[in-house]
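Taking it in order: structure first as structure tokens, then the write-up.
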Amino acid sequence: MDPNKGEAVGGDSKWHLPKRGFVKCNIDAAIFTKRGVSSYGAILRYEHGKLKLSVITEIDALSVVNAVKGSKGDNSYRGLVVDDCSDFLKDMRSYSVCFVNGSANLAAHTIAREERIKMHPIKREAEKEEPQRPVLWIETTDATLSLHMFQNCDFESVKVVDDSRPVASRMVESFLNKFFPFGYPYSVNEGYLRYTQLRALQHFSSAALSVLSTQALLFAAGMRPTPAQATAVSWVLKDGMQHVGKLICSNLGSRMDSEPKSWRILADVLYDLGTGLEVLSPLCPHLFLEMAGLGNFAKGMAVVAARATRLPIYSSFAKEGNLSDLFAKGEAISTLFNVVGLGVGIKLASTICSSTKGKLVVGPLLSLVHIYSVVEEMRAAPVNTLNPQRTAIIVADFVKSGKIASPADLRYREDLLFPDRVIEDAGSVTIGKALHKVVKPSKFHELREMFPNEKFLLSLESKGADMILEHNASGEDALRGWFVAAYAADMEKSGSGPRETVVREAYLKMNNLFPAVLVELKRKGWHTDRFLDGTGNRFAC
């Protein structure tokens with residue numbers, strides 16, 4: 001069967017999973033001759049839970065299949081309905097219409113019967129009321145036999161009755177169910193697998209390093225702890241310093257929302273810095289209190305920053321409202337590899353790292369693995385909210401090529417080390433300065449008149465532009481101001497006249513193009529309802 005030609009094929013007696021990227025629609029009808037009524041049922045199922053615009057339709061009525069694939073020309077009511085179905089299918093990216101035996105179409109048939117009973121419970125005096133019964137059917141695939149049940153025709157539960165797959169396949173599926181969101185990989189955004197792999201490596205190396213550092217810290221204090229004791233004390237020290245870190249980091253939350261990737265990397269650098277001080281503490285036991293205090297203070301701040309940036313990162317992968325599921329599975333993976341890392345750390349602390357010299361060799365290696373993992377982990381995250389850097393890249397791309405990059409396309413182009421850098425092709429816009437530092441009182445009303453009904457002020461200078469947003473400005477407002485600055489800078493390069501004239505022409509151009517830009521931004525998956533500048537410097541009128 002060629003899915004792009006829409007050919008009718010089939011005759012299967014078993015239900016099979018659709019091809020990768022397809023959704024399968026099983027359709028059937030139920031006729032109640034005594035009542036003179038009929039109903040139909042349809043069930044959509046797909047490989048892992050994500051609906052795609054490629055459809056396989058299975059029906060156990062050969063005449064219907066032949067009618068859908070046949071030529072037009074039947075002007076009867078039936079023919080018009082068939083024509084509508086054919087036209088609808090042709091709008092799909094690819095499709096097929098297949099004939100299957102009734103045994104491969106039990107789900108749709110059962111739903112059709114039960115839906116009629118549920119929606120139209122008409123009973124004649126001569127008829128006895130049918131008792132409520134569960135909606136059940138058994139489906140057989142190539143390797144499994146499963147019992148399906150609908151509760152009130154709203155929720156489907158599945159129980160595997162017989163599974164002849166190899167043990168390895170079942171173990172892989174069990175692992176995916178426990179540690180990956182339901183419907184993976186179609187229920188998450190691009191890059192989630194790489195993010196998860198690097199996150200596991202990060203937690204593994206971090207946990208192993210924490211055991212070595214705590215053991216070294218206790219040696220410096222004159223104690224001789226066992227590896228197990230070092231593991232227990234490491235949790236006490238870390239949890240105690242979180243309270244101090246919360247106080248220090250409490251006024252940095254908005255900055256973390258704006259640049260969660262950079263702050264997450266900084267958090268892990270701080271953690272490794274604190275760990276390094278602990279590992280070095282045996283070399284200078286007379287400074288034990290200073291090094292221990294400073295190291296644990298840095299680690300406490302790191303914990304808070306890491307936790308504060310966790311939700312924005314998880315949100316970038318969430319689809320279909322599954323953030324809680326994604327968060328839970330992500331934390332499960334973190335816990336698993338933390339435990340594995342602690343076990344490896346105990347082993348290292350008992351063997352090659354039992355001396356300070358061994359720790360000085362292994363510690364930096366684990367730290368390098370840890371930092372590499374978190375940097376690549378953050379690069380893999382397709383954050384879809386607008387901040388100054390991502391907005392500038394989007395605007396620069398559109399001004400140069402007329403195209404909008406998706407969050408997945410843009411993620412590897414973000415500068416995580418210097419996120420505040422100014423992008424010349426986007427108008428060299430700087431955002432977040434205090435109003436009195438950008439606009440003189442005499443020019444305030446002039447700028448407001450230049451951009452009427454806008455929620456931004458834009459002051460263009462020879463070296464770039466300063467933009468200030470109103471307190472309730474959204475991502476759309478920031479984009480509008482950024483486009484004006486970018487178009488004005490582009491026009492000035494070609495010598496289009498006085499600056500005031502250039503700004504007005506740039507504003508007019510932005511107004512003409514912005515509706516189409518906004519549609520494309522939303523289609524690509526960007527959230528334009530908020531702008532996360534992270535500074536708090538806005539103005540109110």
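The values are calculated or read from the model by the stated rules, or taken from the named source; none is laboratory data. This one's a predicted model, so the numbers in the text were calculated from it and none came from an experiment. Quick reminder, even Gly has a Cβ in these numbers, built from the backbone with ideal geometry, and neighbours come from all protein chains shown. With ligands, DNA and RNA removed, areas are computed over all heavy atoms of the protein, side chains included. Shrake-Rupley method; radii C 1.70, N 1.55, O 1.52, S 1.80 Å.
With a 10 Å radius around each residue's Cβ, average the other Cβ atoms per peptide and rank 428-440, 444-456, 203-215, highest first.
Highest to lowest by the protection proxy: 203-215, 428-440, 444-456.
Rounded to whole Å, give me the distance from the Cα center of region 181-201 to that of region 423-460. Measuring centre to centre over Cα atoms gives 41 Å. With R₀ fixed at 56 Å, the C-beta to C-beta distance from ASN511 to ALA332 puts the FRET efficiency at about 0.70.
Stretch SER355-GLU173 to full length: gain in nm at 0.36 nm per residue minus the Cα-Cα span? Intermediate values should be presented prior to the final figure.
Working: separation 182, 0.36 × 182 = 65.52 nm, distance 4.26 nm.
Here the segment from SER355 to GLU173 would lengthen by 61.3 nm.
Can you give the extra length, in nm with one decimal, that the chain gains between LYS463 and TYR412 once fully stretched, where that is 0.36 nm per residue apart less the Cα-Cα distance? Show your work: numbers first, answer last.
Working: separation 51, 0.36 × 51 = 18.36 nm, distance 2.75 nm.
Using 0.36 nm per residue and subtracting the Cα-Cα distance, I get 15.6 nm.
Ligands, DNA and RNA excluded, the heavy atoms of TYR184 present near 50 Å² of accessible surface to a 1.4 Å solvent probe.
Considering only DSSP beta bridges where both residues belong to region 404-541, give the percentage that are antiparallel (nearest 5). Before the final figure, lay out the partial values.
On the way: 6 of 10 bridges.
That works out to approximately 60 percent antiparallel.
Report note on the peptides 388-399, 305-316: ranked by the mean count of other C-beta atoms within 10 Å, highest first, their order is 388-399, 305-316.
Counting only heavy atoms of the protein chains and using a 1.4 Å probe, LEU218 has close to 20 Å² of accessible surface. Subtracting the Cα-Cα distance of LYS493 and LYS403 from 0.36 nm times their residue separation leaves 30.3 nm of extension gain. Residues of region 461-493 falling in the label zone of GLU424, defined by backbone nitrogen less than 13 Å from a point 7 Å along Cα to beta-carbon, are 463-464, 490, 493.
Show MET171, MET291 ordered by accessible area, largest first, where the area counts protein heavy atoms only and the probe is 1.4 Å. Mind dumping the intermediate values first?
Working: MET171 125, MET291 25 Å².
Correct descending sequence by accessible area is MET171, MET291.
Heavy-atom accessible surface of LEU508, to the nearest 10 Å², is about 110 Å², with a 1.4 Å probe and all protein chains retained.
Spin-label model, GLN197/LEU435: points 7 Å from Cα along the beta carbon direction are separated by 5.1 nm.
The residue among PRO452, GLY481, PRO441 whose Cα reaches farthest toward the positive pole of the charge dipole of region 430-482, with charges on the beta-carbon of Lys, Arg, Asp and Glu, is PRO441.
Given a Förster distance of 35 angstrom, what is the FRET efficiency for ARG307 paired with ASN66, based on the Cβ-Cβ distance and rounded to 0.05? All intermediate terms of the calculation are to be shown ahead of the outcome.
On the way: r = 61 Å, r/R0 = 1.74.
So, using R0 = 35 Å, E works out to roughly 0.05.
Pairs spanning more than 23 Å between alpha-carbon atoms, out of LYS261/LYS299; LYS178/LYS522; LYS437/LYS522; LYS400/LYS437: LYS178/LYS522; LYS437/LYS522; LYS400/LYS437.
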